1. How many residues are within 13 Å of THR3 (Cβ to Cβ) and more than 8 Å from the chain's Cα centre (by Cα) when one looks only at the range 52-66?
2. Name the residue, out of LEU52, LEU33, that is surrounded by fewer than 18 Cβ atoms within 10 Å (Cβ to Cβ), in a helix (DSSP H, G or I) and touching a Cys at 6+ places or on another chain (Cβ under 7 Å).
3. Looking at ILE12, is it touching a helix residue (DSSP H, G or I) at 6+ places or on another chain (Cβ under 8 Å) and at pLDDT 95 or above?
4. Need pairs with beta-carbon distance below 8 Å; first residue without any contact (Cβ under 8 Å) to a residue 40 or more places away in the chain and within 21 Å of ARG53 (Cα to Cα) and within the range 1-30, second of a type outside the set (Val, Ile, Thr) and in a helix (DSSP H, G or I); sequence gap 6+ or separate chains.
5. Could you check, for the range 94-108, whether at least one of its residues is farther than 28 Å from GLY24 by Cβ, touching an Asp or Glu at 6+ places or on another chain (Cβ under 9 Å) and modelled with pLDDT under 90?
6. On the given criteria, is ASN21 assigned to a helix (DSSP H, G or I), on the phi < 0 side of the Ramachandran plot, surrounded by 15 or more Cβ atoms within 10 Å (Cβ to Cβ) and over 12 Å from the mean Cα position of the chain (by Cα)?
Amino acid sequence: METLSEKDVADIVLSNIDIMNEIGHPFDVDQILLSAIIEKVNGFGDIEDIRLRIIKKATILLCEIAHCQPFLEGNRTTAYYTGMIFMRRNGFHLPLDTPSDKNAIFDLLTRTKAKDAGTEDILCKEIEDYLRQKVIAN
């Protein structure tokens, strides 16, 4: 489950389609860019600690979808849902007990979207640090 398959990619695309239909906006996806993000996520098998490995992969999903914008619109929401589902499928979750918890992750994703090329690693590190502090086992 840690490795994202073609079906997982199709599910990510379908989730963005659902989000776009809900808000009445057009859908489009850069499949090459999305595939590159998925390939990057699938490349972190060498981290022995499963919790850290899942957090690293979830960070890549969150950060790269929010920043690289493979979809015409709805990238932050798609990144959020994709990251949360990925963590749950792999035995972990991010507790969102209050509205401020959800706002915190969306604030990080918003900042990631707006980042300059030189600050990408810093903001992705902030997302990873946030997940390391908050993510717990199911």
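1. 3
2. Values: LEU52 fails: touching a Cys at 6+ places or on another chain (Cβ under 7 Å).
Testing whether each residue is surrounded by fewer than 18 Cβ atoms within 10 Å (Cβ to Cβ), in a helix (DSSP H, G or I) and touching a Cys at 6+ places or on another chain (Cβ under 7 Å) leaves just LEU33.
3. On the way: touching a helix residue (DSSP H, G or I) at 6+ places or on another chain (Cβ under 8 Å): yes; at pLDDT 95 or above: yes.
Here the answer is yes, as ILE12 does meet what is asked.
4. VAL9/LEU34; VAL9/SER35
5. Taking every residue of the range 94-108 in turn, none turns out to be farther than 28 Å from GLY24 by Cβ, touching an Asp or Glu at 6+ places or on another chain (Cβ under 9 Å) and modelled with pLDDT under 90.
6. On the way: assigned to a helix (DSSP H, G or I): yes; on the phi < 0 side of the Ramachandran plot: yes; surrounded by 15 or more Cβ atoms within 10 Å (Cβ to Cβ): no; over 12 Å from the mean Cα position of the chain (by Cα): yes.
So ASN21 fails the test.
Every residue, every condition in (1) assigned to a helix (DSSP H, G or I); (2) in contact with a Ser or Thr (Cβ under 7 Å, 6 or more places away or on another chain), yes or no:
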{"position": "ILE12", "(1), (2)": "yes, yes"}
{"position": "SER15", "(1), (2)": "yes, yes"}
{"position": "GLU39", "(1), (2)": "yes, no"}
{"position": "GLY45", "(1), (2)": "no, no"}
{"position": "THR59", "(1), (2)": "yes, no"}
{"position": "ARG76", "(1), (2)": "yes, yes"}
{"position": "ASN103", "(1), (2)": "yes, no"}
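Yes/no matrix, rows are residues, columns are (1) closer than 26 Å to ALA104 by Cα; (2) among the hydrophobic types (A, V, I, L, M, F, W, C); (3) in contact with a helix residue (DSSP H, G or I) (Cβ under 8 Å, 6 or more places away or on another chain):
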| position | (1), (2), (3) |
| --- | --- |
| GLU2 | yes, no, yes |
| LEU34 | yes, yes, yes |
| ILE37 | yes, yes, yes |
| ARG51 | yes, no, no |
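The values are calculated or read from the model by the stated rules, or taken from the named source; none is laboratory data. Keep in mind that this is a model prediction, so the values were computed, not measured. Backbone-built Cβ (ideal geometry, glycine too); neighbour counts: all protein chains shown.
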